[in-house]
Amino acid sequence: MMAMGPVMVILGVIVFLIGAVVGSFLNVCIYRLPWEKSVIWPASHCPRCWNAIAAYDNIPILGWLILRGRCRRCGLSISPRYPLVEFLVGLLFVAVFVVDVVYGPRGRYGYDIGLPLATFFYHAFLVALLVAATFIDYDLYVIPDSITVTGMIVGIAGGWLVPAIRLTPSTAESHWEGLAVGLVGLLVGGGLMEAVRRLANLVATTIVSLVNHRYCRVEAMGFGDVTLMAMIGAFLGWQAAVLTFFIGPFFGLGTAIVKIFNKYRKLLGGRKLSAVDREVPFGPYLCAGALALVLSWRWLWPGWAAGIFDTLRWIFWYFLNVDAGPSV
Ligand SMILES: [Zn+2]
């Protein structure tokens, strides 16, 4: 392990650079995908003077710093969010690399680097999708299908091609088991979210209709959250999807309380609601929950989560009056 130190540092730098380049591409996705524009054509350009951004100005993070955040031709300011997203994705990729490769399952798989690397790429792909979904949902209260459907396909295909790519207890022994784990994760994640979405929409519709003395259909939660949770389940398995669902709201509690308070204050005061009042983007917090699980699962599952699921399973079977099965 000690001898591996310098090698790991060099690899870490390379992984950061890969992350920054991916972040640069995600910036394009965040800006264009919601409008169903091509992410490949045309090349990045200034939205005001239409000046194509030169390759040397388009270097992740550095390009923005060299230009000091302004278009080289017309001086239009470029949001600091671009380099920040690049930096963030670089850091997240390094974090996933540390968790999956440096602290990877060396004992179990010897010095075979193949599986830890596969798991790293699998998780890095998910992280990239989560970052894109977070910023698009935050900006526009939508999560494009192009992100979540891509994620469902890659999540399921990855588990099918490399059955051992997921962490315990979702590690599979065969291709078909890997496929099944992904499909179950997709259905549980999406199904749970869909149930909650219907309930939330019913409650919101009832409250707003009562306040307005007429039927007003309110969409409290969008279908994007459902496909997002299906994607998370397809990648991480159903247990992680369930936990994401419970952890996510903690990340968003503050924002949500303020927004809901403002919304009902305006409603009761008879004022008009703006889009900002109506919706709490749930996606970013689900993404944050899933990210936290990707980074902590190796320790969280054996240390805490397995016990919870074991208890839940025991309660479930107890109420069905059946003997609890063997413990996890
Ligand atoms: Zn310009």
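What follows is calculated from the coordinates using simple rules that are stated; it is not laboratory data. None of the values given here were measured: they were computed from a predicted structure. Glycine gets a Cβ as well: all are built from the backbone with ideal geometry, and neighbour counts include every protein chain shown.
Odds and ends about this structure:
- Kirkwood estimate for segment 63-177, i.e. one over the average of 1/r between Cα atoms, Å: 16.5 Å
- For segment 1-98, the set of trypsin sites (Lys or Arg not before Pro) satisfying both a DSSP loop assignment and a count of at most 10 other C-beta atoms within 10 Å is given as Arg68.
- Span-rule helices in the chain, defined as complete DSSP H runs reaching 15 Å or more along the axis (Cα) with Kyte mean at least 1.0: 5-32, 81-97, 114-140, 145-161, 175-212, 223-236, 283-300
- Loop-located GluC sites (Glu not before Pro) in segment 160-227 whose Cβ has at most 14 other Cβ within 10 Å (DSSP): Glu173, Glu219
- Mean residue ellipticity (222 nm) of the chain, computed from DSSP H runs ≥ 4 via -39,500 (n - 2.57), nearest 500: -22500 deg cm²/dmol
- In segment 1-103, taking the dipole from charged Cβ atoms about the Cα centre, the farthest positive-side position among Met8, Val85, Pro47 is held by Pro47.
- When the alpha-carbon atoms of the chain are used, the pair Rg, Dmax equals 22.2, 74 angstrom.
- No Cys partner within the rule (Cβ under 4.7 Å), the chain: Cys29, Cys216, Cys287
- Whichever lysines have a C-alpha closer than 24 Å to that of Lys272, once near sequence neighbours (fewer than 8 apart) are set aside: Lys259, Lys263
- Unit charges at the beta carbon, dipole of the chain: most positive-side option, Pro34, Val211, Leu129: Val211
- DSSP loop chymotrypsin sites (Phe, Trp or Tyr not before Pro) with at most 14 other Cβ within 10 Å excluded, longest remaining stretch of the chain: 216-328
- Pairs of Cα atoms nearer than 8 Å and 6+ residues apart set the relative contact order; for the chain it is 15 percent.
- Derived from the Cα gyration tensor, the three semi-axes of the equivalent ellipsoid of segment 180-307 are 32, 16, 10 Å, largest first.
- Computed from point charges on the beta carbon alone (+1 for Lys and Arg, -1 for Asp and Glu), the dipole magnitude for the chain about its Cα centre is near 1400 Debye.
- Rounded to the nearest angstrom and listed largest first, the equivalent-ellipsoid semi-axes of segment 1-103 from its Cα gyration tensor are 31, 15, 10.
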